[in-house]
Amino acid sequence: MIEQNLLINKQLDQLINGNLFTDAADLLFKSQLNEWQLMQENYFALKGVKEKSFWFDGFKYNVQFNPKRIKSTSADVGEEIIKSRLCFLCVENLPSQQKGVLLNEKYVLLCNPYPIFQQHFTVSLLKHRGQNIKNSIKDFLEITKQLSKKYTLIYNGPECGASAPDHLHFQALTKNLMPIENDIYQLKNDCGENIFTDEQTRVTSINDELRTLIFIEALELRSAVKFFENFYKYYSKHLLSSSEPLMNLICDYDEEFGFSLIIFLRSKHRPENYFAKEPNKLMISPAAVDLGGTLIAPREEDFNRLNKGLIQKILSEVSLDSDSFRKITKFLRVKL
């Protein structure tokens, strides 16, 4: 069954065997774009999305009206719903037109048919296992490095925007299209406080009044894994959850500077306005891309209403509050 959903040809084999993972992703994308009508339609529609931008203190926030994302934004991820439906990330349940590329013998790279950016992939574990970053951070970082020539990797926690919390997966997006990828070092200078520094690693806490985050810069994979695992252990003690402590991740890799891992700390899944009745309802469900500076609005009325005040309200509401963030960073500074 797995083989039926994999793109298999000589050129692809040569790319994978040569560790040219980005080129293999491009080949998959071109093949799927030519052969899968749903993907063709949705990537064509992406060219017509509306966007607007707002400037906060030295950094930018984009808002994107993208009606094709309504399925993800409105996803009911309640336990009973999840149990009653077929998992759409399990290989045996994929549409017949959807093909993938095998990564590291245990993940499959798939084109996301409901894109946010120019190229958008899902990296899904072959086995059906719940969304959990604690036991998969090494995989996440390895795949980040493999795809780093053109793509940034993100992770949405099971209660932080993942529409398939029952199946471990990451997403790969066109590099440098999320504003925070370009703003992070300015944010570190303007709003950052050093938690730990040595020759291999720097850990910084950042509170920009919209988001609270931990920024790990590590030259080597093992250093990034070590400090993430330490962070996870201490964060878990402060923020109990039914699955894992609330967080979203954005990660990039550079051959000279190593890994840049952004960890957004959260207080809840969705803001109050998501559950409000009309006309106060805003169908905005922030995940990693939204926290990364591109807020996705699948309804045009919400896109038109969004302004700086509403953006600040939404993001500050789902982000960890400043007092809790100070306690956690103080604790991390002592422990690290």
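Quick look at the numbers
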{"item": "Residue that is under 29 Å from GLN131 (Cβ atoms), free of Cβ contacts under 8 Å to residues at least 24 places away in the same chain and in contact with an Asp or Glu (Cβ under 8 Å, 6 or more places away or on another chain), where the choices are LEU86, LEU15, LEU20", "result": "LEU15"}
{"item": "Filter result (hydrophobic (A, V, I, L, M, F, W, C) and either within 17 Å of GLY293 (Cβ to Cβ) or without any contact (Cβ under 8 Å) to a residue 24 or more places away in the chain (or both)) within the stretch 304-328", "result": "LEU306, LEU310, ILE311, ILE314, LEU315, VAL318"}
{"item": "From the options SER148, SER124, SER163, residue that is surrounded by 23 or more Cβ atoms within 10 Å (Cβ to Cβ), closer than 26 Å to ILE296 by Cβ and out of contact with any Gly (no Cβ under 7 Å at 6 or more places or on another chain)", "result": "SER124"}
{"item": "Set GLU51, GLU92: member being surrounded by fewer than 16 Cβ atoms within 10 Å (Cβ to Cβ), in contact with a strand residue (DSSP E or B) (Cβ under 9 Å, 6 or more places away or on another chain) and of a type in the set (Asp, Glu)", "result": "GLU51"}
{"item": "Every residue from the stretch 279-288 that is at pLDDT 95 or above and either exposed (fewer than 14 other Cβ atoms within 10 Å of the Cβ) or under 19 Å from LYS188 (Cα atoms) (or both)", "result": "ALA288"}
{"item": "Count of the stretch 177-209 residues which are within 20 Å of the chain's Cα centre (by Cα) and over 28 Å from LYS150 (Cα atoms)", "result": "1"}
{"item": "Elements of type helices (runs of 4 or more DSSP H) in the stretch 63-172, at least 2 residues being more than 30 Å from LYS226 (Cβ to Cβ) and not β-branched (Val, Ile, Thr)", "result": "70-73, 79-84"}
{"item": "Selected residue [surrounded by 15 or more Cβ atoms within 10 Å (Cβ to Cβ) and farther than 21 Å from ILE70 by Cα] from LEU295, LEU315, LEU265", "result": "LEU265"}
{"item": "Residue that is nearest to PHE331 (Cα to Cα), among those in the stretch 203-226 that are in a strand (DSSP E or B) and free of Cβ contacts under 8 Å to residues at least 40 places away in the same chain", "result": "THR204"}
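Residue-by-condition table, conditions (1) on the phi < 0 side of the Ramachandran plot; (2) aliphatic (A, V, I, L, M); (3) in a helix (DSSP H, G or I); (4) touching a Gly at 6+ places or on another chain (Cβ under 6 Å):
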position: ILE250; (1), (2), (3), (4): yes, yes, no, yes
position: TYR274; (1), (2), (3), (4): yes, no, yes, no
position: GLU278; (1), (2), (3), (4): yes, no, no, no
position: MET283; (1), (2), (3), (4): yes, yes, no, no
position: PRO286; (1), (2), (3), (4): yes, no, no, no
position: ASN304; (1), (2), (3), (4): yes, no, yes, no
position: SER316; (1), (2), (3), (4): yes, no, yes, no
position: ILE328; (1), (2), (3), (4): yes, yes, yes, no
position: VAL334; (1), (2), (3), (4): yes, yes, yes, no
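The values are calculated or read from the model by the stated rules, or taken from the named source; none is laboratory data. Because the structure is a prediction, the values reported are computed rather than measured. Glycine also receives a Cβ, built like all others from the backbone with ideal geometry; neighbour counts cover every protein chain displayed.
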